[in-house]
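Quick notes on the structure that follows.
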Amino acid sequence: MTEIGIRAGDGLRAFRRTRVGRGLWQVGALLVQLAITFVGLLAVTFFIGRVIPIDPVLAVVGDRAPAEVYEAARRALGLDRPLWEQFVVYVWKVLNGDLGMSSLTNRPVLEDIVRFFPATLELATIATIIGVLFGVPLGVAAAVHRDRWPDQLARVLGLVGYSVPTFWFGLIGLLVFYGILGWVGGPGRLGVFFEDIVKPVTGVILIDAAIAGEWEVFWNAVSHVVLPASILAYYSLAYISRMTRSFMLEQLAQEYVTTARVKGMGEGRVIWVHALRNIAVPLTTVIALSYANLLEGSVLTETVFAWPGLGRYLTSALLSADMNAVLGATIVVGLVFVGVNLLSDVLYRLLDPRAR
């Protein structure tokens, strides 16, 4: 038996050294890591729900309910069980897609999240695209023209982006571009006359309108999304441009850049091909984190623009002491971060052969 075990162990180690074996081993390790992270996320949300001084029973029955009604509701919610048993039940329900009922909307929390999250996804995606398209070139220009006017401009834009509150930008933007100039649509995702024309398919109104061929609805949606997306994009731009500048300054000081210039290689090729390629991996992390932050941190923007997204839903749930909705939305936000980090890891391996 010992000899068989030794041979099996040698065979396993030999298989792990093959390309397929290494790939399967990495996938297995990644799945274990994701499982541990997910259980940790559930543990954090569960105990936060128990520590916060909000009684979920009162949120259901009200503060004037008789004692027997209160106790019956407490037993129905499973709050009379030991804490470890409550956690096991909580994990089992989440794994089966049961996040509880929302006392705010009287619908399952998962149904609410599926309804509200596409609006946040639409807003954050457009904002990230704008932030990358303008932030990366601005950061590169700031690094190339260090301590000159492009660099000073990038610093000022970044300082303003980090300093001015989001809600102030939103209110001023609505006043100027909607109230005075009339260049953009007002609060909400659509004008009143365009609501319920397009049947939801993906939940993203721009995609749904394009699929249905309702181009008038499409352009009305564009007029409503452009201002809140631009404001979020400005904060994303400030972060991305600052980090791009820092990465590029480090690369432009490397010997391979000096060698390429001495050999007569064009400045544009040195900057936009060689130096920019070498910052692709850390820049991917920056963009991914910026995107994840916009997916979960656009609460003020959604509130100012009456944008029916996850951030506004979470705020309303907090104000209404709807703990099922709060914990469900928190789980979704955590899964977004895990998913974005997983995507960035995959992009690492595509961009950098050494990471494979």
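Laboratory data are not the source of any read-out in this text; all were calculated from the coordinates shown. This is a predicted model, so every value here is computed, not measured. Every residue, glycine among them, receives a Cβ derived from its backbone with ideal geometry; neighbour counts consider all protein chains shown.
Computed packing ranks the peptides 170-177, 222-229 as 222-229, 170-177, most packed first, by mean other Cβ atoms within 10 Å. Local charge for K199 was computed over the other residues whose Cβ lies under 11 Å away, with Lys and Arg +1 and Asp and Glu -1, and equals -3. With q set to 0.12, 0.13, 0.14, 0.22 Å⁻¹, the log10 of I(q)/I(0) for the range 127-186, from the Debye formula over equal scatterers at the Cα positions, is -0.42, -0.49, -0.55, -0.93. Other residues with beta-carbon under 13 Å from the beta-carbon of G135 carry, at +1 per Lys or Arg and -1 per Asp or Glu, a net charge of +2. Note down the net charge around Y256, summing +1 for each Lys or Arg and -1 for each Asp or Glu among other residues with Cβ under 13 Å from its Cβ. Neighbourhood net charge equals +2. Maximal additional length on extending the L171-T315 stretch stands at 50.0 nm, based on 0.36 nm per residue less the C-alpha distance. Each peptide in 259-268, 106-115, 122-131 was scored by the mean count of other Cβ atoms within 10 Å over its residues; highest first, the order is 122-131, 106-115, 259-268.
Ordering of 142-154, 72-84 by packing is 142-154, 72-84, highest average first (other Cβ atoms within 10 Å, averaged per residue). This model, with +1 at the C-beta of Lys and Arg and -1 at the C-beta of Asp and Glu, gives the chain a dipole about its Cα centre of some 1580 debye.
Under 1.5 on a/c is rounded, so check that first for the chain, then, if it is not, pick prolate when a/b is larger than b/c and oblate when it is not; a ≥ b ≥ c are the square roots of the alpha carbon gyration tensor eigenvalues. Cα axes put the chain in the oblate bin.
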